[in-house]
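Heads up: the structure comes next, in structure tokens.
We did not get these values from a lab; they are worked out from the coordinates using the rules stated. From a predicted model like this one, the values you see are computed outputs, not experimental measurements. No Cβ is skipped: glycine too gets one built from the backbone with ideal geometry, and neighbour counts run over all protein chains shown.
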């Protein structure tokens, strides 16, 4: 009996320490996911174009001055960096870590940003102003042409449909945002279009607008991922979400959903490490 008690006194603390290390790893060890996309719509005269996606930071820090995530992104040699919403968290709205990351990113490549469902209300305009001062392209229902090879690609960005704190999955509002972002665009020009939009559950809207590739987030990978099944729950999608993370295709359109970096209401990830996405575009 005494021997069993001694073993318990040794193994119980070790088990707790091991569990704490595992949980810390799950929340902080950044993984890199890579995709390759090709299209004949892409202009000639370039070898490849590397887009790094960040999303759902929720004001989280990865090392001093965001050095950990900055080092990982730098190693990916991006031509473009996109941030697809929830840069801050609405419950605390701490901007220092978020702006530090964006400052670091602008030193690596042009940065394009759209709002998530956490950036709204009177605190957002000062954040947007700070981002613009850093050189970040704050894409609020608008689009820009970006030089690539012998031609251009189009980068479009839309506000999250709950920017004014409406209900999840507001299709009518998103359609308004899409119309504004693509106003005056001649789709007959056949320019390859990249869309930044926070909500993956609205993929059908992006597909019907003939978007070539959409970058999205919001789902946090389902927060907890079940082996052979996927994410457990996601806002706007409920249990066992369809678009929890990865590459999806519909009617010739592609959507890349990142599992994101930080946490919000639920503080712990499980089998779902923070993620940085790299998409490499090329011609067939």
Computed over region 2-282, the relative contact order (Cα-Cα under 8 Å, seq sep at least six) in percent reads 25
Ranking 280, 115, 193 by Cβ neighbours within 10 Å, fewest first, what do you get?
-> 280, 193, 115
Given a Förster distance of 22 angstrom, what is the FRET efficiency for residue 44 paired with residue 186, based on the Cβ-Cβ distance and rounded to 0.05?
-> 0.65
Helical mean residue ellipticity (222 nm; -39500 (n - 2.57) per DSSP H run of 4+; nearest 500) of the chain = -8500 deg cm²/dmol
Residue 229 and residue 172 label points (each 7 Å along its Cα→Cβ direction) are spaced in nm at 3.6
Ordered by fewest other Cβ atoms within 10 Å, a rough proxy for footprinting exposure, 187, 225, 50, 269 read 187, 50, 225, 269
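Restricting the count to DSSP beta bridges whose residues both fall in region 2-282, what percent are antiparallel, rounded to a multiple of 5?
Details: 21 of 51 bridges.
Expressed as a percentage, antiparallel bridges in region 2-282 total about 40.
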